[in-house]
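The block underneath contains the structure these notes are about, expressed in structure tokens.
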Amino acid sequence: MKFFLDTVNIDDITSLLETGLIEGITTNPTLIAQSKRPQHEVIRAICALVPGPVSTEVIATDWKEILQEAHELARIAANVVIKVPVTFDGLKACYQLRQENIPVNVTLCFSPLQALLAARAGATYISPFMGRMDDYGQDGSTLLELIRDIYDNDPTIETQILAASVRSPKHVLEAAYAGADIVTLSPAVFRTLYAHPLTDKGLAQFLKDWKNAEAK
Ligand code: G3P
């Protein structure tokens with residue numbers, strides 16, 4: 001399973017890219033709005049930093065307007081991935097964009113059948129939202145497992161499962177168990193993944209013992 005960052009924060013992207021563990025970026029309209037910068041400016045800056053895929057979402061909901069917006073966004077950089085919602089118009093636009101060999105991340109997925117339709121529309125990535133499923137008392141990891149099974153039943157499907165709306169290390173573990181190809185997560189959640197009190201305690205003890213031995 002690969003790790004993407006779900007953020008527009010340039011400082012976080014820069015610092016975590018240096019680990020070599022981050023292979024792409026996802027964004028959404030809320031994150032772009034919070035940046036208080038124009039979408040094209042933010043995405044151009046991120047694409048210049050990140051060699052991997054950078055997802056940015058259209059705002060249009062009508063398929064013709066989605067296509068128009070997607071073509072403008074795709075011109076920003078070669079590693080731009082167009083995010084469209086899994087609606088009738090979003091799927092229709094996805095199919096057309098994929099005919100033009102433009103990568104598409106179909107997002108706001110909350111059901112296995114939405115994921116199947118996205119795959120048949122040629123989606124490059126499908127983004128099932130784990131956290132928002134859990135927010136409604138449903139099971140985000142079960143959604144991933146069902147999508148994985150459905151995709152594995154059809155060898156013609158090449159769509160990658162990009163686990164999104166990941167709020168905790170538990171979600172990351174569940175995504176890995178379920179067979180997600182990619183997990184996208186905030187810098188804050190990423191930084192919890194390597195932290196463990198016993199690692200800190202053990203390292204402190206090693207250093208203490210080493211220092212004591214040197215003193216003798
Ligand atoms: O960006 C898509 C997804 O990761 C959003 O997550 O936490 O806003 O549900 P969240």
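Some points to look at:
- Listed by first and then second residue, the pairs with beta-carbon distance under 6 Å, at least 6 apart or on different chains, first residue in segment 151-162 and more than 10 Å from residue 181 (Cβ to Cβ), second aliphatic (A, V, I, L, M), are 157/119.
- Selection from segment 82-118 of residues that are surrounded by 21 or more Cβ atoms within 10 Å (Cβ to Cβ) and either away from the ligand (no atom under 16 Å from the Cβ) or free of Cβ contacts under 8 Å to residues at least 12 places away in the same chain (or both): 91, 93, 94, 97
- Residue tally, condition farther than 23 Å from residue 166 by Cβ and out of contact with any helix residue (DSSP H, G or I) (no Cβ under 6 Å at 6 or more places or on another chain), over segment 115-131: 1
- Set 204, 119, 123, 164: member being outside any strand (DSSP E or B) and touching a strand residue (DSSP E or B) at 6+ places or on another chain (Cβ under 6 Å): 123
- Scanning segment 16-41 for residues that are outside any helix (DSSP H, G or I) and either within 13 Å of the ligand (Cβ to nearest atom) or of a type outside the set (A, V, I, L, M) (or both) yields a count of 12.
- Selection from segment 43-68 of residues that are surrounded by fewer than 19 Cβ atoms within 10 Å (Cβ to Cβ) and not hydroxyl-bearing (Ser, Thr, Tyr): 44, 45, 48, 49, 51, 52, 59, 60, 62, 64, 65, 68
- Contact annotation: residue pairs with Cβ atoms under 6 Å, 6 or more positions apart or on different chains, pairing a residue in segment 28-49 that is among the hydroxyl-bearing types (Ser, Thr, Tyr) with a partner that is within 16 Å of the ligand (Cβ to nearest atom), are 35/8; 35/42.
- Criterion (within 30 Å of residue 10 (Cα to Cα), within 16 Å of the ligand (Cβ to nearest atom) and in contact (Cβ under 8 Å) with a residue 40 or more places away in the chain) met by exactly one of 175, 188: 175
- Scope segment 70-114; condition in a helix (DSSP H, G or I), in contact with a helix residue (DSSP H, G or I) (Cβ under 9 Å, 6 or more places away or on another chain) and charged (D, E, K, R); matching residues: 72, 89, 92
- Boolean, residue 147 is under 17 Å from the mean Cα position of the chain (by Cα), among the β-branched types (Val, Ile, Thr) and away from the ligand (no atom under 15 Å from the Cβ): yes
Rule-based calculations on the coordinates, nothing more; no lab input. Predicted model, so just to flag it, every value in this text is computed and none were measured. Positions of Cβ are backbone-derived with ideal geometry, glycine not excepted, and every protein chain shown enters the neighbour counts.
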